[in-house]
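Worksheet: one structure, shown below.
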Amino acid sequence: MEGFEGASSSSESVLDLSRLNLNNNSLDALSEKRRKDTKQLYLCYNRMTVLPESISLFSNLEFLDISNNALSVISEDITRLTKLKTLIAKNNSLNDSSLPKDFGSLQLDVLNLSGNRFEEMPSQCLQLLRLQSLSLGGNRLKSIPAEIESLASLELLYLGGNQISSIPAELANLPSLCYLVLCDNRIQSVPPQLNKLHSLRSLSLHNNLLTYLPREILSLVHLQELSLRGNPLVVRFVKDMTYDPPSLLELAGRTVKSKNLAYSHKDLPSHLVNYLDMASKCPNPKCAGVYFDSCVRHIKFVDFCGKYRLPLMHYLCSPECTSPCSSNPQSDADSDEDNSVPADRLQRVLLG
Amino acid sequence: MEHTELIKPETLQDLIQALHEIFESDRVNVEEVQSIMESYESKPHEWMKYARFDQYRYTRNLVDEGNGKFNLMILCWGEGHGSSIHDHTDSHCFMKLLQGQLKETLFDWPDRKLQGGMQQKSQRVLLENQCAYINDSLGLHRVENVSHTETAVSLHLYSPPFQTCQTFDQRTGHRNTVKMTFWSKFGERTAYAGSVSQENN
């Protein structure tokens with residue numbers, strides 16, 4: 001969907017060589033002046049298997065579209081394009097070893113590598129620190145690297161149509177991310193840390209393997225689009241799942257915390273002080289309890305605007321502790337008692 | 001009823017003109033409309049000015065108001081964009097592909113005693129220049145651009161025009177009335193910016 005957004009591009013700076021049956025040598029015939037004047041170059045729908053060396057002579061190039069060729073490698077020559085901001089290379093035969101070593105030195109804002117054969121996110125992509133938009137849709141990615149967090153300027157991340165089975169928590173460390181597409185993958189759960197994506201406006205999760213979402217997702221205040229179709233979301237109340245009884249250490253720790261007993265490094269070995277400091281507060285606002293490692297996974301249905309029941313999951317300190325809304329664990333939860341989330345926030349999330 | 005000669009419209013303007021003539025009558029011949037829409041061969045330079053995309057979801061761009069008899073609009077679908085399951089408020093709906101492909105999934109109206117979610121009746125992929133038709137008696141549908149690499153553009157005709165429709169939660173059959181808005185009208189971006197979509201998908 002990317003178009004050239006350069007300021008008032010005159011027609012002289014746009015060179016459209018798409019759909020011309022061009023092969024690897026076809027750029028050689030252009031004059032030096034033509035090459036220097038060109039800011040946008042379209043080479044899509046041709047028959048190139050490699051990018052011609054002469055691409056490096058387009059010294060003022062800002063936008064390059066080489067989609068729908070037969071490229072299996074992008075040569076080092078591209079790294080000479082110091083002004084290149086947008087590179088579209090959809091629908092080629094690029095794989096994990098196709099990008100040149102110094103690809104990360106380009107000053108790209110937008111990179112679209114969808115419809116190729118990448119099995120891993122190329123490390124060179126993670127060096128493009130100015131990147132605002134990255135698309136690797138329709139590839140063969142099995143995972144998202146934790147190093148994704150280094151793309152601090154990223155606003156759009158399109159990873160739909162891959163084989164991704166989990167989302168690293170580090171993805172949440174992208175402060176500018178507005179649009180996250182993870183549809184058509186094999187994702188079974190969403191890390192609760194994703195609620196740190198304060199800028200997130202649209203989240204696409206359709207056609208995955210989700211049975212519930214973490215309750216923390218409710219705190220994504222700017223979220224306006226959420227797609228969930230094609231997931232095996234639980235529809236009926238799920239009775240609390242397996243519960244490992246707490247250890248003696250945990251029981252002692254709970255007592256210390258709930259009775260507010262003072263403790264310090266003078267009284268206890270440091271590993272116990274650290275343990276006590278790690279207590280998690282039970283999310284049930286009517287429960288003052290804490291838990292450490294032993295908790296109950298509880299699924300509550302939150303009703304959005306009287307429209308949909310979204311199964312949200314959170315942890316409670318014990319099976320006896322219930323959320324305010326599920327007075328009868330056998331029935332579906334009634335959302336009107338969900339007073340921990342402001343009503344206007346609930347209204348702004350769309351799902352189905 | 002007079003039978004309009006079916007001359008193949010060469011341009012989008014020809015098509016709009018032909019539709020105005022066909023809809024002068026009060027009765028809609030579905031096959032006639034479908035056939036004439038299908039026979040227009042999409043030429044991007046003719047509709048590009050209406051084809052405004054939004055990063056986050058599909059857009060509806062009004063092209064012609066059909067003298068009050070119909071609304072003609074262009075919908076722009078980014079990669080992965082899809083609609084909710086929806087009805088057509090007792091109107092005829094024609095949908096022609098101008099660029100790319102769209103998947104249409106048909107559903108029956110949900111039974112009040114729904115168990116196991118709304119089941120799809122059938123699905124198909126519509127190719128460039130094909131024109132599909134639906135109305136409430138035929139059921140409900142969801143339309144999606146399932147491509148991760150290509151955008152899609154479709155031309156829709158609704159007669160009579162309508163401003164609200166119902167969307168359905170596939171898991172429960174629960175329905176919700178939503179107001180439909182235009183991203184642009186006659187090529188100009190509407191002032192109704194920043195509105196939150198009421199659809200679910």
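Every read-out reported here was derived from the displayed coordinates using simple, explicitly stated rules and does not represent laboratory data. Keep in mind it's a predicted model, so treat the numbers as computed, not measured. FYI the Cβ positions are ideal-geometry reconstructions off the backbone, even for glycines, and counts take in every protein chain you see.
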- For chain B, percent of DSSP beta bridges that are antiparallel (nearest 5) comes out at 95 percent
- Message: Neighbour counts of other C-beta atoms within 10 Å: give me A:SER18, B:SER122 arranged from fewest to most.
- Response: B:SER122, A:SER18
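Find, among the trypsin sites (Lys or Arg not before Pro) in the range B:82-137, those assigned to loop by DSSP (not H, G, I, E, B) with at most 13 other beta-carbon atoms within 10 angstrom.
B:ARG112, B:LYS113
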- Note on the structure: Counting Lys and Arg as +1 and Asp and Glu as -1 over every other residue whose Cβ sits under 9 Å from the Cβ of B:GLU104, the net charge comes to +2
- What ranking of B:ASP64, A:ASP65, A:ASP267 emerges when the number of other C-beta atoms within 10 Å of each C-beta is taken as an exposure proxy, fewest first? A:ASP267, B:ASP64, A:ASP65
- Task: Could you check the simple spin-label distance between B:THR181 and B:GLN55, using points 7 Å along Cα→Cβ, in nm with one decimal?
- Result: 1.8 nm
- Query: Over 28 Å between Cα atoms, which of A:LYS33/A:LYS83; A:LYS83/A:LYS196; A:LYS85/B:LYS185; B:LYS103/B:LYS185; A:LYS101/B:LYS103 qualify?
  - Reply: A:LYS83/A:LYS196; A:LYS85/B:LYS185; A:LYS101/B:LYS103
- Query: If you plug each phi of the range A:17-22 into the Karplus form 6.51 cos²θ - 1.76 cosθ + 1.60 with θ = phi - 60°, what whole-Hz ³J(HN,Hα) values come out, in order, with x for Gly and Pro?
  - Reply: 10, 7, 6, 10, 6, 5
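By count of other Cβ within 10 Å, fewest leading, how are A:SER133, A:SER264 ordered? Show your work: numbers first, answer last.
Working: A:SER133 20, A:SER264 7.
If I rank by nearby Cβ atoms, fewest first, I get A:SER264, A:SER133.
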- Message: Quick one: 3J(HN,Hα) in Hz for the range A:193-208, Karplus 6.51/-1.76/1.60 with θ = phi - 60°, rounded, Gly and Pro as x.
- Response: 4, 4, 5, 7, 7, 5, 8, 5, 10, 9, 10, 10, 10, 5, 6, 10
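Please give the length that would be gained between A:ARG34 and A:LEU20 if that part of the chain were fully extended, namely 0.36 nm times their separation in residues minus their C-alpha to C-alpha distance (nm, one decimal). Don't skip to the answer; put the middle values down first.
On the way: separation 14, 0.36 × 14 = 5.04 nm, distance 1.79 nm.
Gain in length upon complete extension: 3.3 nm.
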- Note on the structure: Computed over the range B:12-182, the convex hull of the Cα set has an average projected area, in nm², of 9.8 nm²
- Long-range HN-HN contacts of A:VAL290 with modeled amide H, under 5 Å: A:CYS282
- Item | Pair B:ALA191, A:SER97: separation of 7 Å Cα→Cβ label points (nm) | 6.1 nm
- Message: What does the extension gain come out to for B:VAL30 and B:LYS43, with contour length at 0.36 nm per residue minus their alpha carbon separation?
- Response: 2.3 nm
- Note on the structure: tail above 26 Å in the computed P(r) of the range A:2-146, as % of all Cα-Cα pairs, reads 18 percent
- Message: Quick check: Cα centre of the range A:51-126 to Cα centre of the range B:71-135, how many Å?
- Response: 37 Å
- For chain B: relative contact order, % (alpha-carbon pairs under 8 angstrom, 6 or more apart): 25 percent
- Message: Net charge within 12 Å of A:ASP96 by Cβ-Cβ distance, Lys/Arg positive one each and Asp/Glu negative one each, not counting A:ASP96 itself?
- Response: +1
- Message: Taking 8 Å as the Cα distance limit and 6 or more residues as the minimum spacing, I'd like the relative contact order of the range A:1-120 as a percentage.
- Response: 20 percent
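Tally Lys and Arg at +1 and Asp and Glu at -1 over the other residues with C-beta under 14 Å from the C-beta of A:ARG34: what net charge comes out? Don't skip to the end; give the middle numbers.
Values: positive: A:LYS33, A:ARG35, A:LYS36, A:LYS39; negative: A:GLU12, A:ASP16, A:ASP28, A:GLU32, A:ASP37.
Net of charged neighbours comes to -1.
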- Note on the structure: Counting sequence-distant residues (5 or more places) and residues on other chains, those with an amide H built under 5 Å from that of B:LYS121 are B:LEU106, B:PHE107, B:ASP108
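First measure r as the distance between the Cβ atoms of A:HIS271 and A:VAL234, then evaluate 1/(1 + (r/R0)^6) with R0 = 30 Å and state the FRET efficiency to the nearest 0.05.
Details: r = 38 Å, r/R0 = 1.28.
For R0 = 30 Å, the calculated efficiency reads 0.20.
Which length gain, in nm to one decimal place, applies between A:SER72 and A:LEU261 when the Cα-Cα distance is subtracted from 0.36 nm times their residue separation?
Values: separation 189, 0.36 × 189 = 68.04 nm, distance 6.53 nm.
Taking 0.36 nm per residue and subtracting the Cα distance, the gain is 61.5 nm.
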